[in-house]
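Structure, as structure tokens:
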Amino acid sequence: MPTDAIITAQDLTKKFGDFTAVNGISFEVPRGEIFAFLGPNGAGKTTTIKMLTTLLHPTSGQLTIAGVDPVKDQAGARRTFGIVFQDPSLDDELTAVENLELHGVLYGVAGSIRRKRIDELLGYVDLADRRDDLVKHFSGGMKRRLEIARSLIHHPQILFLDEPTVGLDPQTRNKLWEYIRKLNSEEGMTVFLTTHYMEEAAKIAGRVAIMDHGRLIAQGTSDQLIEQTKTANLEDAFLALTGDALRDEDASNADHMRMAQKMWRPGRR
Amino acid sequence: MNVLYILWLRQIKRYLRSRARIIGSLGQPILFLFALGFGLGPMFQKGGGGSYLDFLAPGVIAMSILFTAIFSGIEMIWDRQFGFLKETFVAPVPRLTIMVGRTLGGATVATLQGFIVFLITLIAGFRPDSWSLLPLAFLCMFLIALTFTALGTAIASSMEDMQGFQLIMNFLVMPLFFLSGALFPLDNLPSILAILVRIDPLSYGVDALRFSLIGVGHWPIGMSLGILSGCLVLFMLVGSWLFSRIEL
Ligand SMILES: Nc1ncnc2c1ncn2[C@@H]1O[C@H](COP(=O)(O)OP(=O)(O)OP(=O)(O)O)[C@@H](O)[C@H]1O
Ligand SMILES: [Mg+2]
């Protein structure tokens, strides 16, 4: 077990009514690592992230992030992380800069530093020339990049990325991962991500955890998982571990709706 | 910059950017003012009530504030559906601050809308009884706006989508308006109506506003403002409890 863990979960459980979305999972993420959380649709990845980020209360189990218990000290925990949600979360009626400003103020980043960081980050995600445009006129990829910029304004120790590359073209995806890797190596930022693109996970993550039906079924480096399952790559290892049954039959209504939304409004939702 | 201020500013910007909404929501008050004000005016006058337009103007102003305020509160459902609410909920800011910021913003928007309708009543020929009471009128308008934005926010906190919107319009907002005495004097009402009017918080807002604009009130203005403030506190308390329970 790593000694300097920045995220720890012990027997973490979340129930919605009598449905158990996350079923007693335990894991640790060492400081400065890129950690990929993989699993089929409905596995419980987003639910886990929501508990780590104070949006949902765990039904039971212990959590710490950056030394803080997110159940007991919500504000303390919130200061330590930035998050890019699976679904969009920008205000479409505001401009790019206004969205970033609002975030900076909510996180108490002082005026001059805030403006400096906003300018830097907008340049970084190639949106400097669109800064005063309303977000509703942005493409899906531009919105995603803006959300990533936004999540970094307050210099978080941990960055949560829930399927950050859904609906993006290969150019944007590559650029995004390159950027994440740079943040990780230069700033030592811990990255906790989920994705359904196994090659991406294999390339970028130091360690991966695979979740299915609310349980963690494997953890390790992607090489370890490949070795363990005697497969050729992470995708095959993933399929070997999770089986190839579709998850639709046991997914709840909400899940269907989210998937339908994703399919019908690519890039938006 | 301050958290309350930026949340307030967001609501104002969204309002000023939605010209269609501003203009669209003026249609109804104009219609009420002209059709009822001029249509029922002669009858009202004959019955000894004085100028119906003068009587009606504060009611129509209150109506537009009520509708805008409730809608500003309910608008939160969109923030929930478009995901923006999550962004505010993971920020290191107490939920209460977020709710208060939203409510102040929504109430300012509703007051602005009420002010525009006030200008329209002037065009229609309405003149306040005493210009020096105008600040009091604006205070009444803001208090009405706050109270019903808080109510709208409380309702929105317990709704997941807009499906219940019609229900709320027809069984809450419309009754609040029609039973408030915005359209008719409160003297000599049949007893059931008189009771309903007294239960409706908007009645006190309309009455206070009418007193400050035309100098005639059914109840003492202190009492009206007191009751309205009480409702505001109640809605804020219930609202903040509901708001704090939202899980996304
Ligand atoms: N608020 C909720 N109420 C009821 N059930 C929920 C709720 N949120 C999630 N679930 C259910 O919990 C399960 C796990 O959902 P979750 O969103 O965590 O999956 P996921 O691993 O992120 O999947 P995906 O890859 O599709 O994003 C699903 O079956 C989902 O329907
Ligand atoms: Mg998910």
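The values are calculated or read from the model by the stated rules, or taken from the named source; none is laboratory data. Just so it is clear, the model here is predicted, and its values are computed rather than measured. Note that each Cβ is placed from the backbone with ideal geometry, even for glycine, and that neighbours are counted across all protein chains shown. When the accessible area is computed, the model is the full protein with side chains, heavy atoms only, and any ligands, DNA or RNA have been set aside. Shrake-Rupley method; radii C 1.70, N 1.55, O 1.52, S 1.80 Å.
Report the FRET efficiency, 1/(1 + (r/R0)^6), for A:T229 and A:N41, where r is their Cβ-Cβ distance and R0 is 25 Å, rounded to 0.05. Write down the numbers at each step before the final one.
Details: r = 21 Å, r/R0 = 0.83.
With a Förster radius of 25 Å, E is 0.75.
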Original post:
How big is the accessible area of B:C231 in square angstrom, nearest 10, if you roll a 1.4 angstrom probe over the protein chains?
Top reply: 30
**OP:** Enter the mean projected area of the convex hull around the alpha-carbon atoms of the stretch A:61-110, in nm², rounded to one decimal.
**Re:** 4.7
Original post:
Of all DSSP beta bridges located in chain A, what percent are antiparallel, nearest 5?
Top reply: 55
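How big is the shadow of the Cα convex hull of the stretch A:1-49, averaged over all directions, in nm²? Display every interim value, and only then the final one.
Working: hull surface 15.0 nm².
With every direction weighted equally, the projected area is 3.8 nm².
With charges only on Cβ, +1 for K and R and -1 for D and E, what is the dipole size of the stretch B:29-175 about its Cα centre, in debye, rounded to 20? Don't skip to the answer; put the middle values down first.
Numbers: 6 positive and 7 negative charges, 28 e Å.
The calculation lands at about 140 debye.
Per-residue Cβ counts within 10 Å, from other chains only, averaged over B:226-239: what number is that?
0
Between B:L172 and A:A128, take the C-beta separation as r, use R0 = 56 Å, and let me know the FRET efficiency to the nearest 0.05.
Details: r = 47 Å, r/R0 = 0.84.
Between B:L172 and A:A128 the formula returns 0.75.
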Subject >> 5 Å-binned pair-distance histogram of the stretch A:120-236 (Cα, whole percent) >> reply: 2, 10, 19, 21, 18, 14, 8, 5, 3, 1, 0
Subject >> Accessible-area value, A:H155, 1.4 Å probe, nucleic acids and ligands omitted, Å² >> reply: 100
Original post:
Quick one: putting +1 on the C-beta of Lys and Arg, -1 on the C-beta of Asp and Glu, what dipole do you get for the stretch A:150-224 around its Cα centre, in Debye to the nearest 20?
Top reply: 120
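Per residue of B:12-24, count partner chain C-beta atoms within 10 Å of its C-beta, then hand back the mean as an integer.
Working: counts 0, 5, 4, 1, 0, 3, 1, 0, 0, 0, 0, 0, 0.
Average per residue, whole number: 1.
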Subject >> Rounded tilt (10° steps) of A:253-264 against the dominant C-alpha axis of chain A >> reply: 50
**OP:** Find how many whole Å separate the alpha carbon centroid of the stretch A:179-246 from the alpha carbon centroid of the stretch B:5-57.
**Re:** 60
Subject >> Dipole of chain A [Lys/Arg +1, Asp/Glu -1 at C-beta], most positive-end residue of A:A245, A:Q157, A:T46 >> reply: A:Q157
Original post:
What residues of the stretch A:79-96 lie in the reach of a label at A:A110, counting those whose backbone N is under 20 Å from a point 7 Å from the Cα along Cα→Cβ?
Top reply: A:79-80
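Calculate the FRET efficiency for B:D161 and A:K15 from the Cβ-Cβ distance with a Förster distance of 22 Å, rounded to the nearest 0.05.
On the way: r = 23 Å, r/R0 = 1.05.
Calculated transfer efficiency: 0.45.
If you take the square roots of the eigenvalues of the alpha-carbon gyration tensor of the stretch B:108-223 and sort them as a ≥ b ≥ c, do you get rounded (a/c under 1.5), prolate (a/b over b/c) or oblate?
Values: a/c = 2.01, a/b = 1.32, b/c = 1.52.
Cα axes put the stretch B:108-223 in the oblate bin.
For chain A, what is the Kirkwood hydrodynamic radius in Å, using each pair of distinct C-alpha atoms?
By the Kirkwood definition, the hydrodynamic radius is 19.2 Å.
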Original post:
Quick one: helix B:201-214 against the long Cα principal axis of chain B, what's the angle to the nearest 10°, folded into 0 to 90?
Top reply: 50
**OP:** May I have the pair-distance distribution P(r) for the stretch B:2-244, computed from all Cα-Cα distances with 10 Å bins from 0 and rounded to whole percent?
**Re:** 8, 32, 35, 18, 6, 1, 0
Subject >> In nm, spacing of pseudo-spin labels at A:S139 and B:V216 (7 Å Cα→C-beta vector) >> reply: 6.4
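Taking the DSSP beta bridges in the protein assembly as shown as the whole, what percent of them are antiparallel, to the nearest 5?
On the way: 20 of 37 bridges.
Rounded to the nearest five, the antiparallel share is 55 percent.
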Original post:
What nm value, rounded to one decimal, do you get for the distance between B:L26 and B:R198 when each label is placed 7 Å out toward the C-beta?
Top reply: 4.0
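For peptide A:230-243, compute the average count of partner chain beta-carbon atoms within 10 Å of each residue's beta-carbon. List each step's numbers first, then the result.
Values: counts 0, 0, 0, 0, 0, 0, 0, 0, 0, 0, 0, 0, 0, 0.
That average works out to 0.
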**OP:** Identify, among B:L40, B:I221, B:V93, the residue whose Cα sits farthest towards the positive end of the charge dipole of the stretch B:2-244, taking +1 on the Cβ of Lys and Arg and -1 on the Cβ of Asp and Glu, with the dipole about the Cα centre.
**Re:** B:V93
Original post:
Size of the dipole of the protein assembly as shown about the Cα centre, Lys and Arg at +1 and Asp and Glu at -1 on the beta carbon, nothing else charged, in debye to 20?
Top reply: 1180
Subject >> Globularity ratio of the protein assembly as shown, using Cα Rg and 2.2 N^0.38 Å >> reply: 1.16
Original post:
Which residues does a label at B:V233 reach in the stretch B:195-224, if reach means a backbone N under 15 Å from a point 7 Å past the Cα toward the Cβ?
Top reply: B:223-224
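In cubic angstrom, how much convex hull volume per residue do the alpha carbon atoms of the stretch B:1-129 span?
Details: hull volume 15.9 nm³, N = 129.
Per residue, the Cα convex hull of the stretch B:1-129 comes to 123 Å³.
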**OP:** Measure nothing but the geometry: give the 0 to 90° angle between the long axis through the Cα atoms of A:96-106 and the longest principal axis through the Cα atoms of chain A, rounded to 10°.
**Re:** 70
